[in-house]
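**Student:** Shown below is the structure under consideration.
The values are calculated or read from the model by the stated rules, or taken from the named source; none is laboratory data. Remember, predicted model here, so these are calculated numbers, not experimental data. As a convention, Cβ positions derive from the backbone with ideal geometry for all residues, glycine included, and neighbour counts pool all protein chains shown. Side chains included, ligands, DNA and RNA excluded: accessible areas come from the protein's heavy atoms. Shrake-Rupley method; radii C 1.70, N 1.55, O 1.52, S 1.80 Å.
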Amino acid sequence: MVKGIVLAFLAFAVFAWGDAVVKAIGHGLDPFEVTFFGYLIPLLLSPAFMKPGDRLGDLVRWKRPWLMGLRVFFISVTTPLSVMAFTRLPFAEAFALLFLMPSLVTVLSIFILKETVRWRRGLAVCAAFIGVLVIVRPGFREILPGHLIAIAAALCSAGGVIMGRMIGTTEKRYTLIGSVFLGTAAIAGVLMIPGFAWPTLPQWVLLLAFAATAFVAQALFVVATTYAPADRLGAAQYSQILWALLIGALFFDEWPDSLALVGIAIVVGAGLFIFAREQTLKNAPPAKAGSEIPQEPAAATEPTAR
């Protein structure tokens, strides 16, 4: 268990540094182009996730095609939106808005999964939205496009999680992981055409670094799930906000003000509470948990927040 937790923390640290590379690329390249090259190499290396009996055709051989198609679309769109958010907002601020995702999952689960959400998680969701208001402060400072893009990315990520819960365990691990690499590269490849520009040598280095972090982080998380249940490792993703604060300060000279730090703490705290509450309900006897037991997370080998 401990080894799995350590590997999960390491995986999300690599993800955070990959996002820092994206921010370093900045506005020099179209975000869809960054996404395409960043996921093309992991796609080519995705057979490393295959188990005995898996085939390359499993990338598009889906047992529940409509749900898988929606899941791939939502997650594939999340990445370029995240790239745009990281290049337009302070690093930690973008991460905090992306971490609105667990609260959005809770809200969507009410309408789509018909899940009953009781007052504790309801208060946590309200707190998360209050935290976003503290960060963005509408009426007191300008709402930037990056704020809306980051929230849209969180919403798409939440949609991917909901689709994953509806899929359950019907799909293979290689299918769940590889299809996202394929879908993201395909969608970004089409959308990058209007703004395509051949990368310079320094940009190629950064793109390769981004691709390497995407693959290595995913591989580390997959290995982590062999030592601990994937649903126990989800809380490790919140360590990214600490990396974001550190990287933003040291490399991008971004120092969040006191109110922004309060808002970040509220959003992250609410997300952690929702995660802990779902774990408690899932592990409780049915008679005690009632109808609030959440659906089993689907993509057990795939981190849900980027």
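**Student:** Among the numbered conditions (1) open to solvent by less than 10 Å² (accessible area, probe 1.4 Å); (2) more than 24 Å from D54 (Cα to Cα); (3) in contact with a Lys or Arg (Cβ under 8 Å, 6 or more places away or on another chain), tell me where P145 comes up short.
**Tutor:** The one condition P145 does not meet is (1).
**Student:** Return the residues of the stretch 172-191 that are among the small types (G, A, S) and open to solvent by less than 50 Å² (accessible area, probe 1.4 Å); say none if nothing qualifies.
**Tutor:** Looking only at the stretch 172-191, we keep the residues that are among the small types (G, A, S), and these are 178-179, 183, 185-186, 188-189.
Across the stretch 172-191, the qualifying residues are G178, S179, G183, A185, A188, G189.
**Student:** Identify the single condition in (1) touching a Ser or Thr at 6+ places or on another chain (Cβ under 8 Å); (2) of a type outside the set (S, T, N, Q); (3) at pLDDT below 85; (4) crowded, with 21+ Cβ neighbours inside 10 Å that P297 does not satisfy, given that it satisfies every other one.
**Tutor:** That leaves (4) as the condition not met.
**Student:** Check L44 against each of (1) part of a helix (DSSP H, G or I); (2) in contact (Cβ under 8 Å) with a residue 60 or more places away in the chain; (3) at negative phi; (4) open to solvent by 10 Å² or more (accessible area, probe 1.4 Å) and name the one condition it does not meet.
**Tutor:** Status for L44: all satisfied but (2).
**Student:** Please state which of the following conditions R121 fails to meet, knowing it meets all the rest: (1) touching a Ser or Thr at 6+ places or on another chain (Cβ under 7 Å); (2) open to solvent by less than 10 Å² (accessible area, probe 1.4 Å); (3) at pLDDT 90 or above.
**Tutor:** Every listed condition holds for R121 apart from (3).
**Student:** If I ask for residues that are hydrophobic (A, V, I, L, M, F, W, C), open to solvent by 50 Å² or more (accessible area, probe 1.4 Å) and in a helix (DSSP H, G or I), which ones from the stretch 47-85 would you list? Break it down into steps so the answer makes sense when it comes.
**Tutor:** The first filter runs over the stretch 47-85 and keeps only residues hydrophobic (A, V, I, L, M, F, W, C), leaving 48-50, 56, 59-60, 62, 66-68, 70, 72-75, 77, 81, 83-85.
Now narrow it down to the ones that are open to solvent by 50 Å² or more (accessible area, probe 1.4 Å): 48, 50, 56, 60, 62, 66, 70, 73-74.
Within the stretch 47-85, A48, L56, W66, L70, F73, F74 meet the criteria.
**Student:** Mind checking whether some residue in the stretch 227-243 is open to solvent by 70 Å² or more (accessible area, probe 1.4 Å), of a type outside the set (A, V, I, L, M) and part of a helix (DSSP H, G or I)? Give the derivation first.
**Tutor:** As a first pass, look at the stretch 227-243 and keep what is open to solvent by 70 Å² or more (accessible area, probe 1.4 Å): 227, 232, 242-243.
Narrowing the set further to residues that are of a type outside the set (A, V, I, L, M) leaves 227, 232, 243.
Now restrict to residues that are part of a helix (DSSP H, G or I): 232, 243.
Checking the stretch 227-243: at least one residue is open to solvent by 70 Å² or more (accessible area, probe 1.4 Å), of a type outside the set (A, V, I, L, M) and part of a helix (DSSP H, G or I).
**Student:** Being open to solvent by less than 50 Å² (accessible area, probe 1.4 Å), among the hydroxyl-bearing types (S, T, Y) and over 30 Å from L261 (Cβ atoms) is the requirement here; does T169 meet it?
**Tutor:** On the way: open to solvent by less than 50 Å² (accessible area, probe 1.4 Å): no; among the hydroxyl-bearing types (S, T, Y): yes; over 30 Å from L261 (Cβ atoms): yes.
So T169 does not fit the description; no.
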